[in-house]
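Data block below; observations after.
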Amino acid sequence: KEDEELINLHKEAIRIHREHEELRTGSLIPIPTPQGTIAYGRKLKDDVTLVIVNNMKVAMEYHLPVWMLGIGKYRKYKTLLVTNESGYVLKGKNYRDSAGVLNIILEPNSSIIMNCSKKKKEKEKQETMAQKPYQMRNCSP
């Protein structure tokens, strides 16, 4: 019999890969971690997806220098997928770095995929400004 949960996990991972261009074409930025763990970011312009894998048999607390991703400090990281020995969940807790360091605890044999990108409205505003850089704006009351 097929493992439906494993098949669904792969479908969700493929969906995330398709929805986040930085995972396909972005720069790979390794982040230092203790032995038995992996962390890296994929960055494209202002979008970053962060992947952390704890391959240890114990829970691990991380203080990741996410400032290395080049996206600024005090940013919000939205959880897209969490896996552990019991299965997986989509979404979940959101995190915010503290002065460029992301503090997170991962369960044994688990992983997390998080995304940090500029807000959609902020991006749209910047794109509009770029299209009309010399447009006069009325600032009078």
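Over every Cα atom in segment 40-123, the radius of gyration and the widest Cα-Cα span, Dmax, amount to 12.8, 42 Å.
When a/c reaches 1.5 or more, the comparison of a/b and b/c decides; with that in mind, is segment 1-79 rounded, prolate or oblate per its Cα gyration tensor? In terms of gyration-tensor shape, oblate.
For the pair segment 93-112 / segment 1-29, the C-alpha centres are spaced 20 Å from each other. A simple rule links phi to the HN-Hα coupling: the Karplus curve 6.51 cos²θ - 1.76 cosθ + 1.60 with θ = phi - 60°, which for segment 75-80 gives 9, 8, 10, 8, 6, 9 Hz, with x for Gly and Pro.
Database remark: amide H of L102 closer than 5 angstrom to the amide H of L64, V66 (H placed geometrically; neighbours at sequence offset of 5 or more, or on other chains; Pro and chain starts carry no H). Other residues lying with their Cβ under 10 Å from the Cβ of L90 contribute a combined charge of +1, Lys and Arg counting +1, Asp and Glu -1.
Every number here is computed from the coordinates shown, using simple stated rules; none is lab data. Remember, predicted model here, so these are calculated numbers, not experimental data. A quick note on method: Cβ atoms are made from the backbone with ideal geometry, for glycine too, and the neighbour counts reach across all protein chains shown.
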